[in-house]
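The values are calculated or read from the model by the stated rules, or taken from the named source; none is laboratory data. This is a predicted model, so every value here is computed, not measured. Note: ideal-geometry Cβ built from the backbone for every residue, glycine included; neighbour counts use all protein chains shown. Please note that ligands, DNA and RNA were not included when accessible areas were found on the heavy atoms of the full protein model with its side chains. Shrake-Rupley method; radii C 1.70, N 1.55, O 1.52, S 1.80 Å.
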Amino acid sequence: MALDEHIDRVLFTEAQIQTRIRELAATISADYAHTTPLLVSVLKGALYFMADLTRAMTIPIAMDFMAITTYGSAQASSGAVRLIKDLDEEISGRHVLLLEDIIDTGLTAAYLLRTLRARDPASLRICALLDKTARRIVDTLPISYRGFEVPDMFVVGYGLDYKQLYRNLPFIGVLKPEVVAS
Ligand code: IMP
(Lines give C-alpha, C1' and ligand atoms only; values in the text may rest on other atoms or scores of the structure.)
Protein backbone atom coordinates (compact mmCIF):
# COMPACT_ATOMS: atom_id res chain seq x y z
CA MET A 1 0.00 0.00 0.00
CA ALA A 2 1.38 3.43 -0.92
CA LEU A 3 2.11 5.73 2.00
CA ASP A 4 -0.71 8.18 1.34
CA GLU A 5 -3.23 5.32 1.24
CA HIS A 6 -2.69 5.04 5.02
CA ILE A 7 -4.14 8.50 5.46
CA ASP A 8 -7.77 9.07 6.31
CA ARG A 9 -7.79 12.84 5.99
CA VAL A 10 -5.35 15.61 5.13
CA LEU A 11 -5.44 18.44 7.66
CA PHE A 12 -2.81 20.71 6.12
CA THR A 13 -1.61 20.37 2.55
CA GLU A 14 1.98 20.83 1.48
CA ALA A 15 1.08 24.23 -0.01
CA GLN A 16 -0.69 25.38 3.18
CA ILE A 17 2.29 24.34 5.30
CA GLN A 18 4.79 26.11 3.05
CA THR A 19 2.71 29.30 2.91
CA ARG A 20 2.38 29.41 6.69
CA ILE A 21 6.09 28.75 7.15
CA ARG A 22 6.99 31.64 4.85
CA GLU A 23 4.74 33.91 6.94
CA LEU A 24 6.39 32.73 10.16
CA ALA A 25 9.86 33.18 8.64
CA ALA A 26 9.06 36.77 7.66
CA THR A 27 7.78 37.61 11.15
CA ILE A 28 10.70 35.95 12.91
CA SER A 29 13.24 37.58 10.55
CA ALA A 30 11.75 41.00 11.39
CA ASP A 31 11.61 40.34 15.15
CA TYR A 32 15.24 39.15 15.29
CA ALA A 33 16.59 41.61 12.71
CA HIS A 34 19.14 43.10 15.11
CA THR A 35 20.47 39.83 16.49
CA THR A 36 21.75 36.52 15.18
CA PRO A 37 19.39 34.04 16.79
CA LEU A 38 20.24 30.43 17.50
CA LEU A 39 17.45 28.20 16.29
CA VAL A 40 17.30 24.99 18.27
CA SER A 41 15.20 22.06 17.23
CA VAL A 42 14.42 18.71 18.60
CA LEU A 43 15.09 15.70 16.44
CA LYS A 44 13.44 14.14 14.68
CA GLY A 45 9.97 15.68 14.51
CA ALA A 46 11.05 19.25 13.73
CA LEU A 47 13.46 18.19 10.98
CA TYR A 48 11.55 19.50 7.97
CA PHE A 49 10.22 22.48 9.90
CA MET A 50 13.78 23.58 10.72
CA ALA A 51 14.89 23.02 7.13
CA ASP A 52 12.03 24.96 5.53
CA LEU A 53 11.71 27.75 8.11
CA THR A 54 15.42 28.58 8.12
CA ARG A 55 15.60 28.60 4.31
CA ALA A 56 12.77 31.11 4.21
CA MET A 57 14.45 33.43 6.75
CA THR A 58 16.21 36.54 5.53
CA ILE A 59 18.63 37.23 8.41
CA PRO A 60 21.77 35.37 9.52
CA ILE A 61 20.98 32.57 11.94
CA ALA A 62 22.78 29.70 13.60
CA MET A 63 21.20 26.32 14.23
CA ASP A 64 21.70 23.49 16.63
CA PHE A 65 19.93 20.26 17.50
CA MET A 66 18.93 18.23 20.52
CA ALA A 67 17.53 14.74 20.57
CA ILE A 68 15.32 13.35 23.27
CA THR A 69 13.29 10.28 23.99
CA THR A 70 10.03 10.49 25.80
CA TYR A 71 8.71 7.62 27.81
CA GLY A 72 5.14 6.73 27.12
CA SER A 73 2.99 5.10 24.47
CA ALA A 74 3.30 5.78 20.74
CA GLN A 75 0.61 8.44 20.92
CA ALA A 76 1.08 10.21 24.23
CA SER A 77 3.99 11.61 26.13
CA SER A 78 4.34 10.94 29.83
CA GLY A 79 6.44 14.04 30.41
CA ALA A 80 9.42 11.91 31.42
CA VAL A 81 12.11 13.02 29.00
CA ARG A 82 15.68 11.87 28.52
CA LEU A 83 18.21 13.94 26.61
CA ILE A 84 20.07 11.70 24.17
CA LYS A 85 21.90 14.40 22.23
CA ASP A 86 22.73 17.77 23.74
CA LEU A 87 23.46 21.02 21.89
CA ASP A 88 26.91 21.52 20.40
CA GLU A 89 26.82 25.28 21.06
CA GLU A 90 26.99 27.31 24.28
CA ILE A 91 23.79 29.36 24.60
CA SER A 92 24.73 31.73 27.41
CA GLY A 93 23.93 35.30 26.33
CA ARG A 94 22.39 34.19 23.03
CA HIS A 95 18.91 34.69 21.65
CA VAL A 96 17.50 31.19 21.43
CA LEU A 97 14.39 30.20 19.52
CA LEU A 98 13.22 26.67 20.21
CA LEU A 99 11.44 25.09 17.25
CA GLU A 100 8.88 22.45 18.11
CA ASP A 101 6.98 20.19 15.76
CA ILE A 102 3.89 19.96 17.96
CA ILE A 103 3.00 21.00 21.47
CA ASP A 104 0.49 18.62 22.96
CA THR A 105 0.43 18.44 26.77
CA GLY A 106 3.38 20.85 26.85
CA LEU A 107 5.38 18.60 29.18
CA THR A 108 8.21 18.05 26.70
CA ALA A 109 8.52 21.75 25.91
CA ALA A 110 8.48 22.58 29.64
CA TYR A 111 11.36 20.16 30.21
CA LEU A 112 13.34 21.64 27.32
CA LEU A 113 12.72 25.19 28.53
CA ARG A 114 13.92 24.34 32.02
CA THR A 115 17.06 22.76 30.58
CA LEU A 116 17.82 25.70 28.28
CA ARG A 117 16.90 28.45 30.76
CA ALA A 118 19.40 27.06 33.25
CA ARG A 119 22.15 27.93 30.74
CA ASP A 120 21.33 31.62 30.87
CA PRO A 121 20.37 32.58 27.29
CA ALA A 122 19.71 36.29 26.58
CA SER A 123 16.21 35.30 25.46
CA LEU A 124 14.30 32.09 24.97
CA ARG A 125 11.13 31.72 22.95
CA ILE A 126 9.18 28.92 21.34
CA CYS A 127 8.04 28.56 17.75
CA ALA A 128 5.64 25.64 17.35
CA LEU A 129 4.42 24.46 13.98
CA LEU A 130 1.38 22.79 15.51
CA ASP A 131 -0.43 23.55 18.74
CA LYS A 132 -2.91 21.08 20.21
CA THR A 133 -4.23 23.41 22.87
CA ALA A 134 -7.12 21.16 23.89
CA ARG A 135 -4.67 18.77 25.57
CA ARG A 136 -2.44 21.32 27.26
CA ILE A 137 -1.39 20.60 30.85
CA VAL A 138 1.41 23.18 31.10
CA ASP A 139 -0.17 26.49 30.18
CA THR A 140 2.72 28.84 30.90
CA LEU A 141 4.79 28.16 27.79
CA PRO A 142 6.15 31.22 25.96
CA ILE A 143 4.81 30.19 22.52
CA SER A 144 5.65 33.32 20.55
CA TYR A 145 5.06 31.84 17.08
CA ARG A 146 2.55 29.23 16.08
CA GLY A 147 1.88 27.67 12.68
CA PHE A 148 -1.50 26.03 13.10
CA GLU A 149 -3.86 25.06 15.85
CA VAL A 150 -4.76 21.36 15.55
CA PRO A 151 -7.79 19.54 16.91
CA ASP A 152 -7.36 16.81 19.51
CA MET A 153 -6.37 14.13 16.98
CA PHE A 154 -3.16 12.20 16.46
CA VAL A 155 -1.52 13.61 13.34
CA VAL A 156 1.35 12.41 11.17
CA GLY A 157 3.50 13.72 8.33
CA TYR A 158 5.90 16.59 7.76
CA GLY A 159 8.24 15.16 10.42
CA LEU A 160 5.61 13.75 12.74
CA ASP A 161 5.58 9.99 13.18
CA TYR A 162 3.47 7.11 14.31
CA LYS A 163 5.83 4.33 15.44
CA GLN A 164 8.66 6.09 13.56
CA LEU A 165 6.78 5.99 10.23
CA TYR A 166 5.02 8.65 8.11
CA ARG A 167 7.54 11.43 8.84
CA ASN A 168 8.29 11.77 5.12
CA LEU A 169 4.76 12.68 4.05
CA PRO A 170 4.88 16.27 2.72
CA PHE A 171 1.47 17.06 4.26
CA ILE A 172 -0.05 16.63 7.74
CA GLY A 173 -2.92 14.22 8.13
CA VAL A 174 -4.73 11.69 10.24
CA LEU A 175 -4.17 7.93 9.90
CA LYS A 176 -6.93 5.51 8.99
CA PRO A 177 -8.25 3.79 12.12
CA GLU A 178 -7.28 0.35 10.77
CA VAL A 179 -3.62 1.47 10.46
CA VAL A 180 -3.56 2.60 14.10
CA ALA A 181 -5.29 -0.60 15.24
CA SER A 182 -2.88 -2.93 13.39
P1 IMP B 1 3.89 16.85 24.78
O2 IMP B 1 5.01 16.64 25.72
O3 IMP B 1 2.62 16.13 25.25
O4 IMP B 1 3.60 18.28 24.45
O5 IMP B 1 4.23 16.08 23.46
C6 IMP B 1 5.13 16.55 22.55
C7 IMP B 1 5.66 15.44 21.68
O8 IMP B 1 4.75 14.33 21.54
C9 IMP B 1 5.86 15.98 20.29
O10 IMP B 1 7.13 16.56 20.13
C11 IMP B 1 5.66 14.74 19.45
O12 IMP B 1 6.86 14.01 19.37
C13 IMP B 1 4.66 13.91 20.22
N14 IMP B 1 3.28 14.13 19.73
C15 IMP B 1 2.26 14.72 20.38
N16 IMP B 1 1.15 14.75 19.63
C17 IMP B 1 1.48 14.15 18.46
C18 IMP B 1 0.75 13.88 17.25
O19 IMP B 1 -0.45 14.19 17.09
N20 IMP B 1 1.45 13.25 16.28
C21 IMP B 1 2.76 12.88 16.40
N22 IMP B 1 3.46 13.12 17.51
C23 IMP B 1 2.84 13.75 18.53
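Below is a table of values for the structure above.
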quantity: Surface share of carbon and sulfur [accessible, 1.4 angstrom probe, percent] for the chain; calculated: 52 percent
quantity: Sites Asp161 and Asp88, calculated FRET efficiency, Cβ-Cβ separation with R0 35 Å, nearest 0.05; calculated: 0.90
quantity: Under Karplus coefficients 6.51, -1.76 and 1.60, residue-wise ³J(HN,Hα) of region 97-109 in Hz, glycine/proline x; calculated: 10, 8, 9, 10, 5, 8, 10, 10, 5, x, 5, 5, 4
quantity: Peptides ranked, highest mean first, by Cβ atoms within 10 Å: ranges 3-9, 153-159; calculated: 153-159, 3-9
quantity: Listed residue (Thr35, Gly147, Ile59) projecting farthest to the positive dipole end of region 15-150, Cβ model; calculated: Gly147
quantity: Heavy-atom accessible area per residue - region 15-150, 1.4 Å, Å²; calculated: 46 Å²
quantity: With all protein chains modelled, accessible area of Lys85 [1.4 Å, Å²]; calculated: 70 Å²
quantity: Extended-chain gain in nm, criterion 0.36 nm per residue less alpha-carbon gap, Thr35 and Thr58; calculated: 7.1 nm
quantity: Environment charge of Met50, counting only residues whose C-beta is closer than 12 Å and scoring Lys/Arg +1, Asp/Glu -1; calculated: -2
quantity: 222 nm mean residue ellipticity, helices alone, for the chain (DSSP H n ≥ 4; -39,500 (n - 2.57); rounded to 500); calculated: -7500 deg cm²/dmol
quantity: The chain, dipole about Cα centre (Lys/Arg Cβ +1, Asp/Glu Cβ -1), debye to the nearest 20; calculated: 240 debye
